[in-house]
Amino acid sequence: MAAAAFIPCGQFKTTYAKDTTIFPTPVSRAFAVLALVLLCLVPLVASRYQLNLAIQIGYYGIAALGLNILVGSTGQISLGHAAFFGFGAFTSAYLNNAYGIPVFFAIPLAGLITTAVGLVFGIPAGRIKGLYLAIATFASQFILEDFFARADWFTGGSAGSIASPFGLFGYEFSSDQSYFYVVLAYLVVMFLLGANLLRSRDGRAFVALRDHYLSAEVMGINLTKYRILSFGISSFYAGIGGALFGHYLGYVSAEAFTILLSIQFLGMIIIGGLGSVMGTLMGTAFMVLLPEVMEAGVQNLGGILPGMSDALAFIKQAAIGLAIVLFLIFEPDGLAHRWRMIKAYWKLYPFSY
Amino acid sequence: MNTQLLVQLLINGLIIGTLYGVVAMCFVLIYKSTQVVNFAQGEFLLIGAWVCWWLLTDFGLPFWIGFPVTLLFMVAFGVLLQVVVLRPLIGEPIISVIMVTIGLSIFFQAIMKWIFGTWAKPFPQVFATKAVNIGGLQVQTAYVMSVVISLIIMVGFAWFFKYSRMGLAMRATAFNQQVAQSLGISVKQVFAMAWAISAMVSALAGVVVGMVNGVSSALSFFGIKVFPAVILGGLDSIVGAIIGGLIVGVLENMAEFVDGQYLNFGNLYTVAPFYVLVIILMIKPYGLFGTQQIERV
């Protein structure tokens, strides 16, 4: 209903295919292409610091989209997403280091292997839901974290493992400028895949399971199959995001994939809007930029309030917690909903009726 | 086979297990009466212990004044939390409720670290003797007290829910909110009450653990260890929570024993309860004493 209100007059949908396109109007498509072109120009003007943030938003955004498909669209709560993210990072580094597979192929392969692991974890998860699933994935987060710290052959143990930079035809994407394009390419492909998935038969099955799983099952949707599939897809996104993360930092260590990162992923999709593809990106940007804003604020206040800069790490963590709580209380539909409201407001401006 | 160590660990396990049981009971109390899964249970221990520590060291209050003041503060804190944060979320989907308690948990953890620092700080000496000798084994006095206090709390809970007016109102609300409301029970009050009691009793456990190990952010890990206990016992069973807590306490110490003596993995103490949790969820998701939910269309 909400989406229908924003279609300008003169746009008539005569087929189902037209009704489910990703971009409802030519203008919105033009804007998307324009945004993409502008993003391609970003490395030419942005500073190293800004590029670093943009790349972070890219790889976290990919992983968060996977979580949004699982949590927002299928309604299966996962508190162990960081573990899969980490698994992707370790797998890609391991494939590259141990078997000499080029990074270009190691990243998608890591995604596929993480999918396989996700499917294995998804089989028991297909039987339980809601609260119990949240607790089970919570436990699996701790189990996988322990595995990362212990499996020396795979992760390098507590020392971590080295991930070589992304390369293509002998050219190394080791600078931030060039790696930005790698992440951007992955981001666009993964987001188009995600948006397409949600308007396909499988995506509609996910939403049906979320809204009322008994009715969905009565209508012939295979409950277990789609729950496990959703887990697998979400792991694929996490694996790709994690692999991009690993090859960007050049170093993967188990300390990066704690329960706090899982919570941050959930925070991203809640702040962005559950079940919304674009919202995921907005939420990720919010979550990545929030600590930076806090840091800038603390540095400015540092002269006035002594001791603030020592507490920076705690202030960042507290801000994440507070942002999640405040969004859930005051804007449970997330930034995507706020964005729709702004669009609706301007559509009829200045006559609001 | 080191029998001495085994017995020592077994007793440790039982003592820690009673504490887990008490915290798990508080968790179940909140879940049962307000349908909220409280991921911030460990932070109640943390906040209670830090507040008590603060009153005792910075203000130099004697324990018998500082401790009740802490409990009163926690009652107010629990009510405030329920009214300000949890009440607006009544009727929201389960993910929102889970996430709000997780958000609270990392918020309070960070704030406590900010105020009191990251390092463990020792509690002022409360009991004259540090350890007592029971059957040839050294047991910390605070632990002996904790077992006694835990037993008192458990009996108190049993009495409260069986005979007191408020306790009966809480049970009625847990059973069916609408019917309870139509009988004149203030559901709002019951919800606030559940959080207040839970926060207070958890803080008590926090103070006890703080006395033995010193107060640090490690206390909030109790809130995570509670999950294996409550899943084992069944999410909505208070008796189950106590038994689950005992089993988890003994289990992790047995894991420590097996690990230290034979396997040498190094970290089994922390992870073993989670393996048990996953296995229990697979074979018996409603736990030992939980009520099975049957969904009808």
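Under 18 Å between alpha carbons, and skipping anything fewer than 8 positions from B:Lys121 in its own chain: which aspartates and glutamates qualify?
Leaving aside aspartates and glutamates fewer than 8 places away in the same chain, those within reach of B:Lys121 are B:Glu43, B:Asp58.
Return the distance in nm (one decimal) between the two label points of a simple spin-label model at A:Ala17 and B:Leu72, each offset 7 Å from Cα along Cα→Cβ.
7.5 nm
For A:Thr224, what accessible area in Å² do you get when you roll a 1.4 Å probe over the heavy atoms of the protein chains, rounding to the nearest 10?
So the heavy atoms of A:Thr224 present about 60 Å² to solvent.
Checking the cross-link filter: which lysines have an alpha carbon closer than 26 Å to that of B:Lys162, excluding same-chain neighbours under 8 positions apart?
Within the straight-line cut-off, B:Lys162 pairs with B:Lys32, B:Lys188.
Which sequence of B:Met25, A:Met282 reflects their accessible areas, 1.4 Å probe, from the largest down? Can you show the working numbers first?
Details: B:Met25 0, A:Met282 55 Å².
Greatest to least solvent exposure: A:Met282, B:Met25.
With springs only between Cα atoms under 10 Å apart, run a GNM on chain B and tell me which of B:Val190, B:Val85, B:Val36 wobbles the most.
B:Val85
When Cβ neighbours within 10 Å are restricted to other protein chains, what is their mean count per residue of peptide B:270-279?
That average works out to 5.
Magnitude of the Cβ-charge dipole of the protein assembly as shown, K/R +1 and D/E -1, about the Cα centre, nearest 20 debye?
Working: 30 positive and 23 negative charges, 325 e Å.
Magnitude of the dipole: close to 1560 debye.
If you count, for every residue in A:117-127, the Cβ atoms of partner chains within 10 Å of its Cβ, what is the mean?
1
Compute the distance in nm between two label points, each set 7 Å from the Cα along the Cα-to-Cβ direction, one at A:Ser175 and one at A:Lys343.
3.7 nm
Using 1/(1 + (r/R0)^6) with R0 = 35 angstrom and r between the beta carbons of B:Gln261 and A:Arg48, what's the FRET efficiency to the nearest 0.05? Present the calculation step by step, with values, prior to reporting the outcome.
Numbers: r = 53 Å, r/R0 = 1.51.
That pair, B:Gln261 with A:Arg48, gives E of 0.10.
In the Gaussian network model of chain A, springs joining C-alpha atoms below 10 Å, which of A:Leu53, A:Leu44, A:Leu192 carries the largest mean-square fluctuation?
A:Leu44
Counting only C-alpha contacts under 8 Å and six or more residues apart, can you give the relative contact order of region A:48-293 as a whole percent?
Across region A:48-293, relative contact order equals 43 percent.
Once you've got the Cα coordinates, tell me which of A:Lys18/A:Lys225; A:Lys129/A:Lys316; B:Lys113/B:Lys225; A:Lys129/B:Lys113; A:Lys129/B:Lys225; A:Lys18/A:Lys343 are over 27 Å apart.
Too far apart for the 27 Å limit: A:Lys18/A:Lys225; A:Lys129/A:Lys316; A:Lys129/B:Lys113.
Under 16 Å from a label point 7 Å along Cα→Cβ of B:Met282: give me every residue in region A:112-154 with its amide N that close.
Once the point is set 7 Å along Cα→Cβ of B:Met282, A:117-129, A:133, A:136-144 turn out to lie under 16 Å by backbone N, inside region A:112-154.
Among B:Lys113, B:Lys225, B:Lys121, which one shows the highest mean-square fluctuation when chain B is modelled as a Gaussian network with alpha-carbon springs under 10 Å?
B:Lys113
Based on DSSP H assignment, which helices of chain B show an axial Cα extent of at least 24 Å together with a mean Kyte-Doolittle hydropathy greater than or equal to -1.0? Walk me through the numbers before you get to the answer.
Values: long enough: B:3-34 (45 Å, 1.54); B:41-57 (25 Å, 1.16); B:63-81 (26 Å, 2.27); B:94-116 (33 Å, 2.03); B:141-163 (33 Å, 1.73); B:187-213 (38 Å, 1.59); B:238-258 (30 Å, 1.84).
Within chain B the helices that satisfy the rule are B:3-34, B:41-57, B:63-81, B:94-116, B:141-163, B:187-213, B:238-258.
Taking the dipole about the Cα centre of the protein assembly as shown, with the C-beta of Lys and Arg at +1 and of Asp and Glu at -1, give me whichever of B:Met112, B:Val207, A:Ile270 is farthest to the positive side.
Going by the Cα projections, it comes out as A:Ile270.
Using a 1.4 Å probe and ignoring any ligands, DNA or RNA, find the accessible area of A:Thr15 and quote it in Å² to the nearest 10.
Roughly 70 Å² of A:Thr15 is accessible to a 1.4 Å probe.
Pull out a ≥ b ≥ c, the square roots of the eigenvalues of the alpha-carbon gyration tensor of chain A, then state rounded if a/c is under 1.5, prolate if not and a/b is larger than b/c, and oblate in the remaining case.
It is rounded, given that a/c, with a ≥ b ≥ c, falls under 1.5.
Could you grab the relative contact order for region A:148-198? Cα pairs under 8 Å, six or more apart, rounded to a whole percent.
15 percent
The values are calculated or read from the model by the stated rules, or taken from the named source; none is laboratory data. Note that this is a predicted model, so its numbers are computed, not measured. Please note: Cβ atoms are built from the backbone with ideal geometry, for glycine as well, and neighbour counts cover all protein chains shown. Surface areas here come from the heavy atoms of the whole protein model, side chains and all, with no ligands, DNA or RNA. Shrake-Rupley method; radii C 1.70, N 1.55, O 1.52, S 1.80 Å.
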